[in-house]
Structures are given as structure tokens and as C-alpha cells.
């Protein structure tokens, strides 16, 4: 601080030094008595130091105020100019923040409306397709399932950071969530000739029904997507720990730590162009919000085991 | 026959629901004038009402309250707005259940029949399906033929039901498996073959020989 101050006053210091030099050389050349030189020199030094200290203290005070983001009264035209610019920037920032947040809200609102709009034609198509019994209808139904899943992901993505009002934590019957989730993928299991092994857990867990359903559906969807032979086992491996284990292609060791990251697709995802790397990321975020933990174990060629720890940590029951 | 009144402005969905109900031996009627929902309800006297939330003119919540002023008929809301607030609202308005769009036929039927069962004595005159003189009661899983009545095991009932709903049509093995998955029986092809075999034996025991025919490589058919 003091160094900075000296640097900012360097012109004054140099000026004083020059003046002292002029006086000293004149006195020396005219060979004046020492007293006539020393007396005004001491007085001038005292005056200069006092002025310097006062000036420093004033600057220090100003600096402290500015650090607290308070603006001292401007002294002089230049400071007034700076202040005017700052005020203008502040105003502009406020305006653009407001605009960004209203733009964002509009967008969220629109996507929410869109997601609801698109569900009506999906519902209509679903009812029609389900009254057909043919390979074509089954394939269309599978595609429709995927469209629906993407719409669910949009809604989840939008609601993820909304107020916690959308989370209703209460005791829920875990099996009543798992069964409909499995049913959703029945046609995929049957088409791929995969087996489903689910022993009812009989467990009651503290969670939000809708959000937990999303996570479980997403995990089953991944398991079905990346399994071509064998099947999937859903079970409770330890109290509160739900495991969805498949005999699929697995995830390589270098991808495994990153599969819950946003946009990370890894080797499997790059092979499969449809992968967006957002499904598991959303699962992780939802689990975080619910106070659950999600983790993965996998061996390429053997299969993947996704585990959801449903024991809520440090969260007060509403 | 149970009558269901459908208040839904999307024609595709309304027709889908109607044909789905018809498969289960129920009658569905779709509202024609969205200004006069109450009048049409009073005229039709349905056993159950399926109500969309977003409707032209007045929304589903309004009609739900109106209906509740005079009637206790079971009401199911269907809507794509599935946040908890909407579900809570719907139930507070006096609805009995809520189905989120898009829904499966099986979910719709499960909720409709569950409500009918709770409200009326469903098993007595529940939807019955008939083929070649055999009558299947969807309320109590019983099959009667020539005066004998037998209980069907869960999987047997489900297979027979699907075949009877699609009388004279070939039903693929996939469709039968899906029907069983809907009841949380995660069968594979072999199990299905075993189940069909068992059902045939049960049918033979009351004199229904060759009731179900195999269409090789495709599925099964129940022909009249």
C-alpha cells in the first residue's frame, strides 16, 4: 500500500528533489553560511512531511472505503468522471441481469409448455399403436418410448434447479416404483429376449416418488440399451441399497469415474451416436437433491452394476 | 355394461380410450359440446368419468367441482401436467385418481376397473367376454362353460383374456408376453409356452378342447 502510494506521488517527489537540488547548488555556489541553509531546510522538511502524512492518510481512508465498495465523495473532475462511468456500468449490469433472468424464465416456461403439449400426441399415438399387434407397431412403440423418455429428460432438466417445492419427501413403497418402471420397458426386454429378475424388496424408503421413478427408469433404460444377451437383475443387496445389474457390454475402467458427468459419453457413448451423456448426469443430480447416492461398478464384457443408496444422509424429514 | 363418459378434447386420445374400453366390455361416450359437459353427464348417467384438465372454455377442475355438487360418480383426471401441485389440486377438487399422459392402455384399464370395483359390486356384472360359448368374467377371473365354472390361475387368466379380447385375430407371442409383463410376471418364451400348455389343459378339463389354436411361428388364435 505504502509503496503504491509513493509510486502514485512519484512526480511530486521528483519535483521536490529537483527543487532541493536547485536550492542546494545555489547555496553552495554562493557560499552562504550553514545556518541560513539548515533553518529553512528543517522547516520545509517538517512542512513537507506533515503534508505528505495527511495526504497519505486521506488516500488510505479512500482506499478502505473503496475496498468496501463505498464511493467517497469525488474530489475533482477526473474522479467525478470515473464515478459517472461506474454508475452507468452498474445500471447496464442491472439491466442485462434482469433481461437474462426474464429471458431464462420465458424459455423455461416455453419448454415446460412444449413438453406438456408434446405429451398429448404421444398419448394419442401410444393408444393407437397399442391396439395393433405387429412387428411394425412394436418397433414404433419402442421409438415412442424413447421420445417419451427424452421429453421426461427435458422436464427433469428444467425442474432440477427449481424451488424445492417440487420435491415431496415421504415414506414410499419401493416396489411400487420399480414395478411400473420395469413394465415401461417390457417390450424392449421381450424384443431383445432379455430376462428380468426382480425379487420384490418389500422396502419402504424416504424419497420423492416422481423423482426416484425418473432415476430408476433411467438406470433400467441404460441397462436395456447396453445389454444384448442375458438380462437384468434388480435387487436390494444391502438395507437401502438398490442394485440394477446387467450382463451388458460394460464400461471401461477409464470411463467409469466420469459417467455421471454432464455430456460425458465415454467409449460406449461414442460408439452409440444416440448417447447424449445427460441421462446419468441427471440421475446423479436428482440423487444429490434427494440425498441419495448413486455409484457404478462395471467390467467390460461382463456387465454393469448401478447402485443407488437410498438411505438419506443429513436431511430433515418434512 | 359399465358406461364411461370421456371429457377429452384430443380426438386421438378420446377414440383410443373408447376402443380400449370396448375391448374390456365397457361402453365409452365422448363429450360433444364442451360448454354443456354437465348436461351431457346428467343425460348419459355414466358409472365413471374420465376428465382432462385442459379443456376448451372451462377447464377440468371446474367441471369436476360442478359434477361433485350433484354426484359421487368416480372421476379420473388425465393430464400431461404431472407436477405434484396438479395431482394434489385434482384430488382436492374431488377426483378419485389421476393418470399422467402419455399412458398405457393397461394403466388406464387397471385404474378404471379398480375404481369400478371399489365403487360398485364389480364382480357381479363386470365386463364379461364370450367366445364359443365360454364366458370369462373379468371381475373374478372365472371361466364358465356349459354350467361349470372354474377359477383360472393368474397367468392363465391373463393369456385367455388377451386372446378373447382379440377374438378371431392372431395374437403374437410377443403380445401375450407383454400382457403377462403388465401383471409383473416377467416371463420368457419358454415360460409362455408352458403357461399356454397349462391353460389348454385347464380348458380341456371343462370340455373346451382345441379352444386355442397355434399359428406356427406367429402366435395363437381363438377362432369362432
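The values are calculated or read from the model by the stated rules, or taken from the named source; none is laboratory data. Because the structure is predicted, anything quoted here is derived from the model rather than measured. Ideal geometry is used to build each Cβ from the backbone, glycine not excepted, and the neighbour counts take in all protein chains shown.
Looking at A:220, A:216, can you tell me which residue is within 27 Å of the chain's Cα centre (by Cα), at pLDDT 90 or above and more than 14 Å from chain B (Cβ to nearest Cβ)?
A:216
Of all residues in the range A:200-219, which are within 14 Å of residue A:180 (Cα to Cα) and touching a strand residue (DSSP E or B) at 6+ places or on another chain (Cβ under 6 Å)?
Scanning the range A:200-219 gives A:209, A:219.
Those residues that are buried (at least 18 other Cβ atoms within 10 Å of the Cβ) and more than 29 Å from the chain's Cα centre (by Cα), I need them from the range A:225-235; list them, please.
A:227, A:231, A:232, A:233, A:234
In the range A:156-182, which residue that is within 28 Å of the chain's Cα centre (by Cα) and in a loop (DSSP other than H, G, I, E, B) is nearest to the other protein chains (Cβ to nearest Cβ)?
Looking at the filtered set, the residue picked out is A:168.
Restrict the check to the range B:25-34 and report whether at least one residue is modelled with pLDDT of 90 or more and more than 14 Å from every other protein chain (Cβ to nearest Cβ).
yes
Of everything in the range B:83-117 that's away from chain A (no Cβ under 14 Å) and touching a residue at least 24 places away in the same chain (Cβ under 8 Å), which residue is surrounded by the fewest Cβ atoms within 10 Å (Cβ to Cβ)?
Residue satisfying both the conditions and the ranking: B:94.
In this structure, is residue B:41 touching a helix residue (DSSP H, G or I) at 6+ places or on another chain (Cβ under 9 Å), away from chain A (no Cβ under 14 Å) and not in a helix (DSSP H, G or I)?
Working: touching a helix residue (DSSP H, G or I) at 6+ places or on another chain (Cβ under 9 Å): yes; away from chain A (no Cβ under 14 Å): yes; not in a helix (DSSP H, G or I): no.
Considered against the rule, which asks whether it is touching a helix residue (DSSP H, G or I) at 6+ places or on another chain (Cβ under 9 Å), away from chain A (no Cβ under 14 Å) and not in a helix (DSSP H, G or I), residue B:41 comes out as no.
Residue by residue, here is whether (1) within 14 Å of chain B (Cβ to nearest Cβ); (2) outside any helix (DSSP H, G or I); (3) over 35 Å from the mean Cα position of the chain (by Cα); (4) touching a residue at least 24 places away in the same chain (Cβ under 8 Å) holds:
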position: A:65; (1), (2), (3), (4): no, no, no, no
position: A:78; (1), (2), (3), (4): no, no, yes, no
position: A:83; (1), (2), (3), (4): no, no, no, no
position: A:92; (1), (2), (3), (4): no, no, no, no
position: A:95; (1), (2), (3), (4): no, no, no, no
position: A:100; (1), (2), (3), (4): no, no, no, no
position: A:104; (1), (2), (3), (4): no, no, no, no
position: A:111; (1), (2), (3), (4): yes, no, no, yes
position: A:137; (1), (2), (3), (4): yes, no, yes, no
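Does the range A:239-249 contain at least one residue that is at pLDDT below 85, surrounded by fewer than 18 Cβ atoms within 10 Å (Cβ to Cβ) and outside any loop (DSSP other than H, G, I, E, B)?
Among the residues of the range A:239-249, not one is at pLDDT below 85, surrounded by fewer than 18 Cβ atoms within 10 Å (Cβ to Cβ) and outside any loop (DSSP other than H, G, I, E, B), which makes the answer no.
Do any residues in the range B:164-189 that are more than 7 Å from every other protein chain (Cβ to nearest Cβ) and farther than 21 Å from residue B:137 by Cα have Cβ atoms under 6 Å from those of residues that are part of a strand (DSSP E or B) and at pLDDT below 90, where the two are at least six apart or on different chains, and which pairs are they?
Sorted first by the residue in the range B:164-189, then by its partner, the pairs are B:170/B:215.
Just checking, does the range A:51-66 include any residue being exposed (fewer than 10 other Cβ atoms within 10 Å of the Cβ), farther than 30 Å from residue A:25 by Cβ and out of contact with any helix residue (DSSP H, G or I) (no Cβ under 8 Å at 6 or more places or on another chain)?
No - not one qualifying residue is present in the range A:51-66.
Taking the conditions exactly as written (surrounded by 13 or more Cβ atoms within 10 Å (Cβ to Cβ), touching a residue at least 24 places away in the same chain (Cβ under 8 Å) and not assigned by TED's automatic domain parsing to the domain that holds residue A:8), does residue A:128 satisfy them or not?
no
If I ask for residues that are away from every other protein chain (no Cβ under 11 Å) and not in a loop (DSSP other than H, G, I, E, B), which ones from the range A:183-213 would you list?
Passing the criteria: A:204, A:205, A:206, A:207, A:212.
Here is a list of conditions, (1) more than 23 Å from residue A:303 (Cβ to Cβ); (2) more than 11 Å from chain B (Cβ to nearest Cβ), and residue A:230 meets all of them except one; can you say which number that is?
(1)
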